[in-house]
Amino acid sequence: MLYLGKNELVREYLGNNHLVVNEDLIRDFTQIKMLIQKQRIDTIVFDNAIISNKQIIEHFEELKNEHVIFKIRLRKTNFLIGSENSSDSGKIELIETI
């Protein structure tokens, strides 16, 4: 899993099996594609607190052929939204920590 954000609650929820992308690299699609391939990333979580809606859509367009699941954490919320594929309805995933 690849996390494009810096929220500590989200990072704790995702556990140890995620990579965090430095803010400087968020718009570097070549580097992100390389990470997806080398690390076998299957899901990308976008944090709307640091990435605008326009940038998230740009990422969707640029990465649509990478066969990854897209999830979004909306600004000032404690949940993720996303779907496993384009034909299914989106789901809400509550961010909870133990």
* Asked: For N85, all conditions in the list (1) farther than 16 Å from Y3 by Cα; (2) out of contact with any Lys or Arg (no Cβ under 9 Å at 6 or more places or on another chain); (3) modelled with pLDDT of 90 or more hold save one; what is the number of the exception?
  -> (3)
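Of these, N22, N16, N7, which one is more than 19 Å from F60 (Cα to Cα) and without any contact (Cβ under 8 Å) to a residue 12 or more places away in the chain?
Numbers: N22 fails: more than 19 Å from F60 (Cα to Cα); N7 fails: without any contact (Cβ under 8 Å) to a residue 12 or more places away in the chain.
Just a single option satisfies the conditions, and that option is N16.
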* To do: For segment 63-77, state whether one or more residues are under 15 Å from K6 (Cβ atoms) and exposed (fewer than 14 other Cβ atoms within 10 Å of the Cβ).
  => yes
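The values are calculated or read from the model by the stated rules, or taken from the named source; none is laboratory data. Just so you know, these numbers come straight off a predicted model, no measurement behind them. Ideal geometry is used to build each Cβ from the backbone, glycine not excepted, and the neighbour counts take in all protein chains shown.
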